[in-house]
Amino acid sequence: MIIDVLFLLSLSIIWVMLLYYMFLAQGGYLYAMQMEKGAEDLIRQVEVWPKVSILIPAHNEDVVIRATLEAMVHLDYPEDQLEIIVINDKSKDKTGEIVDEFARKFPFVIPIHVTPEQGGKGKSGALNRGFKHSTGEYIVVYDADNTPERAALKNLVVGILNEPQIGAVVGKFRVINAKRNSLTRFINIETISFQWMAQAGRWKWFGIATIPGTNFLIRRSILEELGGWDEDALAEDTELSIRVYEKGYIIRFWPVAITWEQEPETWKVWYKQRTRWAQGNQYVIAKYMPRLFKMEKKRIQFDLIYFFITYFLFLGGVMISNLIFVLGMLDIAKITIPGPYLLLWLLAYVLFILEIMITLRIEKTELTMHNLFMVMLMYLTYAQFWIIIVIRATWMNAQLKIKKQEVKWEKTQRF
Amino acid sequence: MSSNKLLLLFFLITLYFFPGHLHADKKPSQVLILYQEELRSEALALSSLIGHFSLTNQLQILRPGEPLALEDSEYVFYLSRPSYDSNLTTRVSEEAKSKGIPLFLIGGGQAERSLPITSVTYDQQTYPLKDHSVYRSGPTDEETVRAFAHDGLNDYPLLYEKQGVWHFQSLQLWGVMGNILADFLHDYFQQPHPHQHQAFIRIEDIHPAAHPENIRKIADLLSGKGIPFMMAVRPVYFNAKDQLTITLDDTPALVEALQYATAKGGSIILHGHSHQNLVTGGGIEFWDQLLDQPIPQEEEYMRSKIEEAIALLVRHDLVPLAFQAPYYALSQEGYRIAENYFSTLVGPIQLSDQTYLAMQRLPYVVQRNSLTVIPETLGYVQNTPIFLEELKDQLQTTLIVRDSLVGVYFHEYLPLEKLSELVLWLEQYPLSYINLADQSNRVETAFVRINSGIEGIKIDIMDPKVLNTMGKKQLQQGFVARNFQYILWGIVLIVLLFSLLFTLNLLRLREKSSTRLFAEREIQG
C-alpha cells in the first residue's frame with residue numbers, strides 16, 4: 001500500500017518533468033526554425049554602436065587567457081566603443097603578465113589586478129570589481145576560457161537595442177574540446193540539448209531564459225539598480241536572473257551570438273564543477289522559495305517551482321522509483337497497481353533520444369552516428385550521475401547550513 | 001445486586017430463549033453416536049440435532065470387530081442401513097443392554113427393506129410426503145409407536161420403542177422426518193422445553209450497492225409492527241464487470257440507513273467481507289466453489305477478511321452481533337476460525353469438508369462447540385405471486401418441533417408489499433420474534449470487543465487506530481488507481497504523438513540543412 005502510494009507519487013513527478021521537457025523540446029525546435037535567418041538584417045540597420053564593457057574574471061588562467069584575449073580583440077566591434085576589462089583575480093601564475101601584454105598592444109584592454117589583501121569573493125566579487133571600473137552602457141560577461149565568434153558581440157547588442165523591456169541577452173555557447181574524450185562528448189551533447197530545450201524552449205513558450213555564467217549582455221542601468229552580483233551565491237548567474245525578472249525585465253535567449261568554451265576533460269573536475277552548480281542552484285531556491293508567493297512576476301514563480309521540482313522532488317521521485325525497482329527485484333515489495341510501466345520506461349528512453357537528436361540536428365554538424373550512440377549511452381550513465389551530484393550538493397549545503405560556514409568559490413580547472 | 005448476580009440473571013434469561021445453552025451447574029451427558037462409515041453426514045446431522053439439548057456427543061465409526069467405547073456414555077445412537085452387518089447391530093444392542101445404556105437405532109437396524117411412503121403421522125398430525133421411504137421393521141405388536149408412516153394402504157411404525165430400544169426407521173434426518181425425530185428427542189432426553197415457537201425475519205445480503213431508501217422503508221414497516229429483525233450485511237461490494245470496489249466507507253447514505261434501521265430494532269449480522277473470494281475467484285468467500293474444497297490459506301484469509309469486515313462496520317457505528325457465512329459455506333476448520341470471533345452463527349450448517357452442497361437446516365437453536373447456531377428454517381421470499389405457498393410447507397414442517405425457530409429472509413430489492421404479505425401471514429401463527437440485541441452475543445477481535453445482552457450492546461474499543469484504518473480501500477481497487485491507469489495510457493498516447501512530431505521535426509531539419517549545404521556550395525562555386 002505505502003509502496004503503491006510512493007510509486008504513484010514518484011511516477012507522477014517524473015512524468016510531469018518528462019512531459020514538461022517534451023513540451024520545451026518542441027518550443028526549442030520552433031525557436032530554432034524562427035532564428036534560422038540569423039540577425040544580420042538587424043546588424044545592418046545599426047548606425048551608431050553603443051559603448052560596451054566586456055568583463056572577464058580570471059583566476060590563474062594562463063593556460064587559456066591568451067586564446068581568449070586573442071578572440072576578444074578580434075571581435076567585430078568599433079574599438080572606440082569597446083572596453084575589455086580583465087579582472088586578474090589573485091592569480092599566482094602568468095595570467096597578469098599575459099593580460100598586461102595585451103593591454104600594451106590594445107588600448108581598449110584594461111587590466112585590473114586584484115591582490116589577496118583586497119578581498120572580494122569569488123567570481124561575483126571579481127565581476128563587481130570590474131563593473132565598478134567599467135563605463136559601457138552595456139556590460140558583457142565572458143569566462144576566461146571563452147573564445148567568442150567574431151560576430152558574437154554585435155549579435156548580443158542587436159538583441160537588446162530598441163527593446164526596452166529586455167534587460168539582458170543570453171547567447172549560445174558551444175564546446176570547443178567536444179571531441180577530446182567521452183566526457184567532453186557527453187558535455188557537448190548536454191550543453192547543446194540544455195540550451196535548445198531549457199533555454200530556447202522556455203524562451204519560446206514563457207519568455208524566460210536564465211543567465212549562464214558567460215556570453216551574456218546586461219544593461220548597466222539594471223546592474224546599478226540591483227547593486228551588482230550577490231557575492232554569497234555560488235550560482236551568481238541564476239541568482240542574478242531572478243533579480244532581473246523581479247525588476248520587471250525580460251532575459252532573452254539569443255542563440256545567434258555564439259561563444260566557444262572549454263569543458264572539463266576529467267571526471268573529477270567535472271564532478272566538482274557540477275556539484276558547485278547544483279549547490280548554487282539550491283542556494284537560489286532556498287533564497288527565493290520562501291518568498292515565492294510574494295513575487296510579482298508569475299513566470300519567474302513558475303520557473304522557481306520548476307527549479308524546486310528539479311532539485312528536490314524529481315530527485316526524490318527518481319530515488320524512490322529506483323528503490324522500488326530494487327525492492328521489486330529482491331522480491332521484498334511489489335507494486336500492486338497494474339499499468340504499462342515497461343512501455344512508459346521505453347517511451348521515456350525514446351523521448352530522451354528523439355529530443356536530443358533534434359537539438360543536435362539543429363546544430364547541423366552534431367548529429368553523427370558517434371553522437372547518437374553517445375546519447376543512447378548517456379541516458380543510462382551520464383544522466384544518472386546527476387542523482388549523485390544533487391545528493392552530494394544537498395548534503396554539502398545541509399552541512400554548510402548546520403556549521404554556518406561561508407561558501408567557497410572553487411575555480412574550475414582548465415586544460 | 002452484585003454484578004455476578006446480574007450476570008447469572010442474564011444468563012438464565014438467555015437460557016430461556018436459547019434452550020441450547022449449556023447448563024453450567026450440570027455436567028453435560030455424553031452421547032455416543034455410532035455409525036456405519038458411509039453415513040457420516042447423517043451422523044453429523046444427528047450430532048447437530050443433539051446440540052439442542054445441552055449434551056456433548058462424540059462420533060464413532062463402527063466397523064466389524066472393533067471394540068465399542070460405551071463406558072462414559074449415557075445415551076447411544078447407532079446409525080446404519082438395514083443391509084449392513086446385522087451381527088453388528090445385535091452386538092451394539094447386547095452391549096448397551098448389559099451396561100444399562102439406552103440405545104436408539106436409526107436407519108434400518110434389523111429392518112427388512114425400504115418402502116416408498118406417502119405420508120407420516122406424528123402427534124396426531126399427518127404430513128403428506130413425496131419421494132420418501134422407510135425401512136420396514138418386523139412384527140409391531142408390543143411396541144410403543146410414536147410415529148407411523150403410510151403408503152396409502154398400510155401403516156408402518158416409523159418411530160417406536162421395542163424392548164427398551166428406540167427405533168427410527170429412516171435415515172432422512174431433515175425435513176418432516178428429521179423434525180419428527182428432533183421433536184421426539186425432547187421426550188427421549190426428558191428435556192421438555194416449552195412449546196413456544198420463535199421467529200425472525202432477516203434482510204438478506206445488504207452490501208454497499210444496496211438501496212438505502214429500501215432499508216429505511218423495511219425498517220419502518222417492521223418496527224411499525226413491533227418486529228425486531230436481522231440484517232445480513234457485508235461491507236464490501238465488488239463489481240467484477242468494471243472492477244469497481246465500494247465499501248461502507250464510500251456509502252454514507254447506506255451507513256445512515258443502516259444506523260436508522262438499527263435504531264428501529266434491526267440487528268446486524270456480518271455476512272462476510274465481500275461475499276467473494278479474490279483468490280479462487282469464486283462467489284463464495286470462504287469456500288472454494290470451483291473445486292468444492294476449503295480455500296487455500298484458509299485461516300489467514302478468513303481472519304483478515306473477518307477482521308476487516310468488522311472494522312468496516314464498527315467504525316461506522318454498525319455493530320455486528322453474529323456471523324453468517326456467505327452461502328453458509330464453511331469448512332469444519334472455518335467454523336473453528338469463526339468461533340474465535342463470534343459466539344453466534346446464523347444459517348444452515350455445512351456438514352462436512354467433502355462438499356458445500358450438504359447443508360443441514362436445523363429446526364431449532366443448537367449449540368455447536370462454542371457457537372450458538374440460529375437456524376434458518378423457511379428459506380427466502382421469492383419474487384413470485386405464490387411465494388407464501390412455498391413458505392407454507394416449510395412452516396408446517398418447522399412447526400412439528402415444539403420449540404422450533406421460524407426463520408425467513410427477505411432481499412431488500414424486492415417489492416415492499418411482499419414483506420407486508422409475509423408479516424401478515426406470519427401473524428396467524430403463535431410466534432414470538434427474537435431480538436438478537438437482547439440476547440447474549442459476543443464478537444471479539446484484538447481491536448474491538450462487542451457484547452450484547454439484556455443490558456444492551458457494549459462496545460470496547462481496544463485499538464481505535466486499527467479500527468479506523470483496517471480495510472481502508474486499497475489503491476489498486478480504488479478510484480485513484482483505476483483512473484491512474486487511464487492517465488498512464490493517456491501519457492503513452494501523448495508521448496507517441498510527440499515522438500511522431502519529433503520525427504517529423506528531424507526530417508524537416510534534415511531537409512533544411514541539405515538545402516543550405518546546397519546553397520553554400522553554390523556560393524563557393
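The values are calculated or read from the model by the stated rules, or taken from the named source; none is laboratory data. Not measured: the values here are computed from a predicted model. Neighbour counts are summed over all protein chains in view; Cβ atoms, including those assigned to glycine, are modelled from backbone coordinates with ideal geometry. We work out accessible area using only protein heavy atoms, side chains counted, and drop any ligands, DNA or RNA first. Shrake-Rupley method; radii C 1.70, N 1.55, O 1.52, S 1.80 Å.
Here residue A:353 meets the list (1) surrounded by fewer than 19 Cβ atoms within 10 Å (Cβ to Cβ); (2) touching a residue at least 60 places away in the same chain (Cβ under 8 Å); (3) within 14 Å of another protein chain (Cβ to nearest Cβ) almost entirely, failing just condition (2). The single condition from (1) closer than 21 Å to residue A:215 by Cα; (2) more than 27 Å from the chain's Cα centre (by Cα); (3) open to solvent by less than 60 Å² (accessible area, probe 1.4 Å) that residue A:143 fails is (2). For region A:197-212, the set of residues classified as assigned to a helix (DSSP H, G or I) and open to solvent by less than 10 Å² (accessible area, probe 1.4 Å) consists of A:198, A:199, A:200, A:201, A:202, listed by residue number.
One line per residue, one yes/no per condition, for (1) aromatic (Phe, Trp, Tyr); (2) assigned to a loop (DSSP other than H, G, I, E, B); (3) farther than 21 Å from residue B:361 by Cβ:
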| position | (1), (2), (3) |
| --- | --- |
| B:178 | no, no, no |
| B:182 | no, no, no |
| B:200 | yes, no, no |
| B:203 | no, no, no |
| B:215 | no, no, yes |
| B:238 | yes, no, yes |
| B:255 | no, no, yes |
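Here A:3, A:98, A:13, A:43 are screened, and the one residue that is more than 14 Å from every other protein chain (Cβ to nearest Cβ) and either more than 28 Å from the chain's Cα centre (by Cα) or buried (at least 18 other Cβ atoms within 10 Å of the Cβ) (or both) is A:98.
Residues in region B:249-298 that are hydroxyl-bearing (Ser, Thr, Tyr) and touching a Lys or Arg at 6+ places or on another chain (Cβ under 8 Å): B:260, B:274. Being out of contact with any Cys (no Cβ under 9 Å at 6 or more places or on another chain), closer than 22 Å to residue B:452 by Cβ and in contact (Cβ under 8 Å) with a residue 24 or more places away in the chain is a description that applies to residue B:248. If you go through region B:321-342 and pick out every residue that is farther than 19 Å from residue B:380 by Cβ, touching a residue at least 40 places away in the same chain (Cβ under 8 Å) and surrounded by fewer than 24 Cβ atoms within 10 Å (Cβ to Cβ), you end up with 4. Pairing each residue of region A:361-390 that is over 30 Å from residue B:511 (Cα atoms) with any residue that is at pLDDT below 85, provided the two are 6+ apart or on different chains, yields C-beta distances under 7 Å for A:387/A:315; A:387/A:318; A:387/A:319; A:390/A:311; A:390/A:315. From the list A:372, A:354, A:360, the lone residue that is assigned to a helix (DSSP H, G or I) and closer than 17 Å to residue A:174 by Cβ is A:360.
Looking across region A:266-322, the residues that are of a type in the set (Val, Ile, Thr) and in a helix (DSSP H, G or I) come down to A:269, A:275, A:284, A:285, A:300, A:305, A:309, A:310, A:318, A:320.
Looking at region B:262-279, can you tell me whether even one residue there is open to solvent by 10 Å² or more (accessible area, probe 1.4 Å), closer than 26 Å to residue B:454 by Cα, in a helix (DSSP H, G or I) and not aliphatic (A, V, I, L, M)? Yes: one or more hits.
Screening region A:1-10 for residues that are in a helix (DSSP H, G or I) and not polar (S, T, N, Q) and picking the one that is farthest from residue B:496 (Cα to Cα) gives A:2. Looking only at region B:188-206, decide whether some residue is farther than 30 Å from residue B:286 by Cβ and open to solvent by less than 20 Å² (accessible area, probe 1.4 Å). Yes, because at least one residue in region B:188-206 is farther than 30 Å from residue B:286 by Cβ and open to solvent by less than 20 Å² (accessible area, probe 1.4 Å).
A count restricted to region A:21-39 and to residues that are more than 10 Å from chain B (Cβ to nearest Cβ), open to solvent by 30 Å² or more (accessible area, probe 1.4 Å) and farther than 16 Å from residue A:172 by Cα stands at 1.
Residue-level check: of (1) out of contact with any strand residue (DSSP E or B) (no Cβ under 7 Å at 6 or more places or on another chain); (2) among the charged types (D, E, K, R); (3) more than 30 Å from residue B:506 (Cα to Cα), residue A:219 misses just (1).
With respect to the conditions (1) more than 14 Å from the chain's Cα centre (by Cα); (2) among the acidic types (Asp, Glu); (3) open to solvent by less than 10 Å² (accessible area, probe 1.4 Å), residue B:292 lacks only one, and its number is (3).
For region A:316-331, the criterion of a residue being at pLDDT 80 or above, buried (at least 20 other Cβ atoms within 10 Å of the Cβ), more than 19 Å from residue A:15 (Cβ to Cβ) and not charged (D, E, K, R) is satisfied by no position. Of the set (1) modelled with pLDDT of 80 or more; (2) among the aliphatic types (A, V, I, L, M); (3) open to solvent by 70 Å² or more (accessible area, probe 1.4 Å), all apply to residue A:309 but (3). Going by the conditions given, is residue A:242 under 17 Å from the mean Cα position of the chain (by Cα) and either open to solvent by 20 Å² or more (accessible area, probe 1.4 Å) or of a type in the set (Ser, Thr, Tyr) (or both)? Judged against the criteria, residue A:242 is not a match.
Checked against the criterion of being within 14 Å of chain B (Cβ to nearest Cβ), surrounded by fewer than 16 Cβ atoms within 10 Å (Cβ to Cβ) and touching a helix residue (DSSP H, G or I) at 6+ places or on another chain (Cβ under 9 Å), region A:49-68 contains not a single residue that satisfies it.
Is it the case that residue B:402 is in contact with a helix residue (DSSP H, G or I) (Cβ under 6 Å, 6 or more places away or on another chain) and not polar (S, T, N, Q)? So residue B:402 fits the description; yes. Checked against (1) open to solvent by 20 Å² or more (accessible area, probe 1.4 Å); (2) over 27 Å from residue A:280 (Cα atoms); (3) more than 11 Å from chain B (Cβ to nearest Cβ), residue A:374 passes all but condition (1). With respect to (1) surrounded by fewer than 16 Cβ atoms within 10 Å (Cβ to Cβ); (2) touching a helix residue (DSSP H, G or I) at 6+ places or on another chain (Cβ under 6 Å); (3) farther than 30 Å from residue B:53 by Cβ, the lone exception for residue B:215 is condition (1). For region A:168-194, the set of residues classified as outside any strand (DSSP E or B), open to solvent by less than 10 Å² (accessible area, probe 1.4 Å), of a type in the set (A, V, I, L, M, F, W, C) and within 25 Å of residue A:150 (Cβ to Cβ) consists of A:187, A:192, listed by residue number.
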